[in-house]
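The values are calculated or read from the model by the stated rules, or taken from the named source; none is laboratory data. Note that the structure is predicted; figures quoted are calculated from it, not measured. Cβ placement follows ideal geometry from the backbone for every residue including glycine, while neighbour counts extend to all protein chains displayed. Heavy atoms of the whole protein, side chains included, go into the accessibility calculation; ligands, DNA and RNA do not. Shrake-Rupley method; radii C 1.70, N 1.55, O 1.52, S 1.80 Å.
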Amino acid sequence: MCEELERILFIEIENDSVIVVSTHGIHGPHPVSLFLCEIYEKLRNKFEYGKDERAFFNYEDPHGAWILLKDYFQKTNFLKNTTLQDFEEYRSRYEIASEFKKGESARLYEIFSPLEAIAFKTVSKKIEQYRILDKETIDNTAFYPDIFHYDSCRTMIDFVFALVHYLVFNNYKITQCNHCGHLFAVKSLKEKYCNRNSPFTEYEDYSCKEAVKQITDTFEKRRKNEYDRLRKRAKEYGINSKHEKIWLDFCSMCDEYKDRIKKGASVELLMEYKAFLYDSSNVRPKYARIKDY
Ligand SMILES: [Zn+2]
């Protein structure tokens with residue numbers, strides 16, 4: 001097995017989408033909120049948990065990338081306590097290469113093969129020198145202020161730290177999705193749920209964020225139906241009856257679940273609430289028809 005190591009030629013990030021142009025082709029677009037987090041989790045799976053991970057291990061020095069990325073995330077509490085200056089100090093201490101340009105792109109990867117793009121860029125440097133002198137031309141030419149372009153990604157360390165730079169530059173922090181449990185990057189820590197597909201059965205087509213809303217809406221309808229049914233029966237049997245107790249217990253359990261779900265709707269917690277609403281001893285079985293009761 002002697003696979004040639006993949007080398008990254010450049011990375012371009014626009015509108016929070018990452019395109020990686022490497023000697024093996026063009027990868028992406030990847031959402032910036034997930035991309036580095038997915039790489040981090042894969043590195044952790046491989047180097048901390050010894051799991052067999054293949055993605056991203058084609059680049060030079062993935063282990064070095066893991067050591068430094070883990071260290072930087074620990075030191076900065078997953079980018080919650082960092083600044084561009086910290087980043088810069090860290091980068092130069094470990095000699096991580098960084099050649100970063102903002103606002104320049106010819107979207108070459110859409111037209112050329114990666115190697116042709118590199119050749120073209122060399123020529124186009126002359127054109128850009130000319131453009132610097134000619135403000136009017138620049139103003140009238142398509143110019144992309146939101147594009148971040150990283151050239152020097154010789155190793156996987158440079159590559160992951162280009163992504164770290166983008167996140168720090170744009171004030172992202174990394175946090176854990178309260179639904180699926182995976183890491184994701186956010187600008188506001190008020191965001192609790194990521195944009196991955198939900199792992200919740202029958203809601204896999206929704207993102208975690210949408211799935212939580214859909215699932216809790218469905219549960220709420222079910223809760224109201226059961227609430228009405230149990231309350232009606234409690235009234236029929238009167239105060240201190242067994243049925244009144246069943247109704248009151250149902251209410252307090254639901255309140256407790258709803259309270260916990262509001263704080264963080266993990267898949268496990270939603271499964272537990274679902275089992276309570278649909279399968280516990282005092283609720284109507286899932287497929288029973290209302291008229292039978
Ligand atoms: Zn998630």
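The stretch 16-95 has equivalent-ellipsoid semi-axes of 22, 17, 13 Å, by the square roots of 5 times the alpha carbon gyration tensor eigenvalues, sorted largest first. Modelled spin-label separation between residue 48 and residue 253, with each label point placed 7 Å from Cα along the Cα-to-Cβ direction: 3.6 nm. Taking amide hydrogens as placed 1.01 Å from N in the peptide plane, the amide H of residue 10 sits under 5 Å from those of 21, each at least 5 positions away in sequence or on another chain.
Across the options 246, 266, 208, the greatest Cα extent toward the positive end of the charge dipole of the stretch 208-292 (unit charges at beta carbon of Lys, Arg, Asp, Glu) belongs to 246.
What the stretch 208-292 shows is 66 Å² of accessible area per residue, with the surface traced by a 1.4 Å probe over protein heavy atoms. Could you sort out which of 80/221; 173/224; 42/80; 235/274 sit more than 28 Å apart by Cα distance in this structure? Long pairs (Cα-Cα over 28 Å): 80/221; 173/224.
Packing order of peptides 266-272, 52-58, highest average first: 266-272, 52-58 (average count of other Cβ atoms within 10 Å over each peptide's residues). Taking chymotrypsin sites (Phe, Trp or Tyr not before Pro) across the stretch 1-50, the ones in a DSSP loop with at most 13 further Cβ atoms lying within 10 angstrom of their Cβ are 49. Phi angles of the stretch 17-34 translate, via the Karplus equation with coefficients 6.51, -1.76, 1.60 and θ = phi - 60°, into HN-Hα couplings of 10, 9, 10, 10, 10, 10, 5, 9, x, 10, 10, x, x, 10, x, 5, 5, 10 Hz per residue; Gly and Pro are given as x. Counting only protein heavy atoms, what percent of the accessible surface of the stretch 199-293 is carbon or sulfur at a 1.4 Å probe? Carbon with sulfur: 50 percent of the solvent-accessible area. Classified by the C-alpha gyration tensor, the stretch 208-292 has a prolate form. Its axis ratio a/c, with a ≥ b ≥ c, is 1.5 or above, and a/b is larger than b/c.
Listed values for the stretch 179-189 are Karplus-derived 3J(HN,Hα) couplings in whole Hz (6.51 cos²θ - 1.76 cosθ + 1.60, θ = phi - 60°), namely 9, 8, x, 7, 7, 8, 9, 9, 8, 10, 6, and x replaces Gly and Pro.
Packing, as the average of other Cβ atoms within 10 Å across residues, places the peptides 202-213, 273-284, 159-170 in the order 159-170, 202-213, 273-284, highest first.
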